[in-house]
Amino acid sequence: ANQLRKMPFQHPQSLQEFFGAVTGAGEKKVFVQVSAEWCGPCQLIKDDMATLAEDLAETYVFVYADVEKMEEVADTFECSTMPTFLIFKGPGAPIGRYEGGKADKIREFAVENKDK
């Protein structure tokens, strides 16, 4: 049954795919979770993030960047804390950034940046 649930987050497997997702979102902004499988706080918010992605699907394309697969993403955007959340509006530097694993704060951050 799990297969049927739509995967709200895109999971790029390479830097090229990552930037493709960030630049290919059209009118939408891109909400990126920079994360890792070994990050405890990241695992704890999995369900919250899935809900957030469904709630804000009109505004954002949601992308999960696994630093194990794409160290360059962490390097490029200087993400030393897991999870780090980045919001992009087209190519270029992120317009928003939040570090930490508190689900309610992450939601607040996403909502605050909706209309930027």
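The mean sequence distance of close C-alpha pairs (under 8 Å, at least 6 residues apart), as a share of the length of the chain, puts its relative contact order at 32 percent. Remark: the stretch 94-102, residue by residue, has Karplus-estimated 3J(HN,Hα) of x, 8, x, 8, 9, 10, x, x, 8 Hz, where x stands for each Gly or Pro and the curve is 6.51 cos²θ - 1.76 cosθ + 1.60 at θ = phi - 60°.
I'd like the antiparallel share, as a percent to the nearest 5, of DSSP beta bridges with both residues in the chain. Could the numbers behind the result be given before it?
On the way: 9 of 18 bridges.
Around 50 percent of the beta bridges assigned by DSSP in the chain are antiparallel ones.
Counting only DSSP H runs of at least 4 residues, each contributing -39500 (n - 2.57), and dividing by the residue count of the chain, the helix-based mean residue ellipticity at 222 nm comes to -9000 deg cm²/dmol.
For the listed residue pairs Lys89/Lys114; Lys46/Lys105; Lys46/Lys102; Lys46/Lys69; Lys46/Lys116, the alpha carbons are over 21 angstrom apart in Lys46/Lys116. Mind running the shape call on the stretch 1-73? Use the C-alpha gyration tensor, a ≥ b ≥ c as the square roots of the eigenvalues: rounded below 1.5 for a/c, prolate if a/b tops b/c, oblate otherwise. Verdict is oblate for the stretch 1-73. Projecting the Cα atoms of Phe18, Cys39, Val61 onto the charge dipole of the chain (Cβ charges, centred on the Cα centre) puts Val61 farthest toward the positive pole. Each Lys and Arg Cβ is given +1 and each Asp and Glu Cβ -1; about its Cα centre, the stretch 1-108 then shows a dipole of about 280 debye.
Every number in this text was worked out from the coordinates using simple rules, so none of it is lab data. Owing to the predicted nature of the structure, the values given are computational and were not obtained by experimental measurement. Here the Cβ is made from the backbone with ideal geometry for all residues, glycine too, and neighbour counts use every protein chain on show.
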